[in-house]
1. Would you confirm whether or not region A:110-117 contains a residue that is over 19 Å from A:ASP62 (Cα atoms) and either touching a residue at least 24 places away in the same chain (Cβ under 8 Å) or more than 9 Å from chain B (Cβ to nearest Cβ) (or both)?
2. Name the residue that is surrounded by the fewest Cβ atoms within 10 Å (Cβ to Cβ), counting only residues in region A:10-59 that are of a type in the set (A, V, I, L, M, F, W, C) and in a loop (DSSP other than H, G, I, E, B).
3. From the list A:SER89, A:SER72, pick out the single residue that is under 20 Å from A:MET190 (Cα atoms) and at pLDDT 95 or above.
4. Just one of (1) more than 10 Å from DNA strand D (Cβ to nearest atom); (2) open to solvent by less than 50 Å² (accessible area, probe 1.4 Å); (3) not assigned by TED's automatic domain parsing to the domain that holds A:GLU136 trips up A:LEU92, so point out which.
5. Among what's in region B:165-183 and is within 11 Å of chain A (Cβ to nearest Cβ) and open to solvent by 10 Å² or more (accessible area, probe 1.4 Å), pick the residue that is modelled with the lowest pLDDT.
6. Mind listing whichever residues of region B:184-211 are at pLDDT 90 or above and out of contact with any helix residue (DSSP H, G or I) (no Cβ under 9 Å at 6 or more places or on another chain)?
7. Would region A:71-82 turn up any residue that is within 14 Å of another protein chain (Cβ to nearest Cβ), away from DNA strand C (no atom under 15 Å from the Cβ) and open to solvent by less than 10 Å² (accessible area, probe 1.4 Å)?
Protein chains: 2
Amino acid sequence: MRARADNSLAERKRQLVADELRDAALMLLATKGFDVVTVDDIVAAAGMSRRTFFRYFASKEDVVVRFLADTSADIITELATRPPAEPSSVALRHALWVPLAACNDHPEHSERARVVVRLILDTPALHARWLERQIEWRAELAAELANRSGLDPHTDPYPRMAAGMALLALDTVLQRWQPGDDEQHLAKLMDQAFAVVAPALDAPAASPAAG
Amino acid sequence: MRARADNSLAERKRQLVADELRDAALMLLATKGFDVVTVDDIVAAAGMSRRTFFRYFASKEDVVVRFLADTSADIITELATRPPAEPSSVALRHALWVPLAACNDHPEHSERARVVVRLILDTPALHARWLERQIEWRAELAAELANRSGLDPHTDPYPRMAAGMALLALDTVLQRWQPGDDEQHLAKLMDQAFAVVAPALDAPAASPAAG
DNA sequence: CATTGCTTGACACTGAGTGCCACCGATAGC
DNA sequence: GCTATCGGTGGCACTCAGTGTCAAGCAATG
């Protein structure tokens, strides 16, 4: 359902409208706060109708969350292409680096991402949606990890928990990145966060016989 | 704000109303599904007014989530009273056992909790709120862990991530508990889940110098 | 009996999200 | 050139969540 990435004729117009909506929304929400800005404000700023907004975004939260969380497929693909012998901690670190790579390479994009991260972490409704999206990521990561390790995800808690730990690392990185006080390099923060969970991610399998 | 547990005269009536509302809501939501049941349906079943519902619960989600997540203070207290020399994994396991203890001891309460867990995990909106509540737990647990370990929670990612891993273990336990196919003992599930994260929880501190 | 305080119900209101239909522009076929 | 069709859009009305406000009801106290 995402396979039509470049139907140049009409698809480009759709993308244009979506970008316009997104930009107007992000601008308003980030400066004025999530709760006080209504969808009417957003569409007024974008010069479109309220109804159109909901054709492109499922909810007011969706505009913000999708800006960060639109790349789940890329993450899974990256994890699937890591060498099977690679330790889980390394493979997961590389997989979750995918959505961060753009921020790290392009400082101008990075600054806006920082604002969005701050907005999400500071707004309970957005934080909830963000976590909801992470749930999907976790399920997909867990399935792929089960694939890699040959474990049964229904009887062994490892795949799900490993995926959860990786996302916890990502969450911690974002939380420590968003203040922006000093130049906290994303790569360094990722290394630190994954260093904490690595002992559990790479521990020798002993889960089924824990009783 | 919770210090008035037994102002016997009027407080008991308040509790009665809250229970009535909660029971009606849980019954309807669990049987018919979260989305199709409106607040009007709930208050009609409870024989009260719509406005009263929102005096007792902040939202429709709140009724369900509070049923499980009303015990954060007890968890922190339990963690704070664990012996300082105890490994983090053991202390956290005991702390997070507190909200589960009631379910484990009283099978009749346990059955309803199972239904609520299933409802939460199956409903995205509820799951998101549940995780949002866990964020608060994580912050409180992290603060207490920083206290125990003497680490600075602003510079060291360990406290926050340790709290997150413990809650991830809890989440995994609930997810594996709710199918209820066979008699999965909560204690056993907790042991298995914590066995996965223990290597990271109890790893020797090496986080600040990871770069 | 009057007052004070707490709870409730009713009403109105904002805002999110959806369904429906009419409109508009472009493209394809006669 | 006229028309049928198709994707996108705007407008409208609707449901439902959640909030503010006010007028009771009802207990305890003077």
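1. Going residue by residue through region A:110-117, those that are over 19 Å from A:ASP62 (Cα atoms) are A:110-111.
Filter once more, keeping what is either touching a residue at least 24 places away in the same chain (Cβ under 8 Å) or more than 9 Å from chain B (Cβ to nearest Cβ) (or both): A:110-111.
Yes - at least one qualifying residue is present in region A:110-117.
2. Within region A:10-59, the first condition is being of a type in the set (A, V, I, L, M, F, W, C), and the residues that meet it are A:10, A:16-18, A:21, A:24-30, A:34, A:36-37, A:39, A:42-46, A:48, A:53-54, A:57-58.
Applying the additional criterion that residues be in a loop (DSSP other than H, G, I, E, B) yields A:34, A:36-37, A:48, A:57-58.
On the way: A:PHE34: 18, A:VAL36: 9, A:VAL37: 18, A:MET48: 17, A:PHE57: 20, A:ALA58: 12.
Result: A:VAL36.
3. Details: A:SER72 fails: at pLDDT 95 or above.
Just a single option satisfies the conditions, and that option is A:SER89.
4. That leaves (3) as the condition not met.
5. The selected residue is B:ASP181.
6. B:LYS188
7. Scanning region A:71-82 turns up no residue that is within 14 Å of another protein chain (Cβ to nearest Cβ), away from DNA strand C (no atom under 15 Å from the Cβ) and open to solvent by less than 10 Å² (accessible area, probe 1.4 Å).
The values are calculated or read from the model by the stated rules, or taken from the named source; none is laboratory data. Keep in mind that what you see is a predicted model, and the values were worked out from it rather than measured. Glycine also receives a Cβ, built like all others from the backbone with ideal geometry; neighbour counts cover every protein chain displayed. Accessible surface is based on the protein model in full, side chains and every heavy atom, while ligands, DNA and RNA are left aside. Shrake-Rupley method; radii C 1.70, N 1.55, O 1.52, S 1.80 Å.
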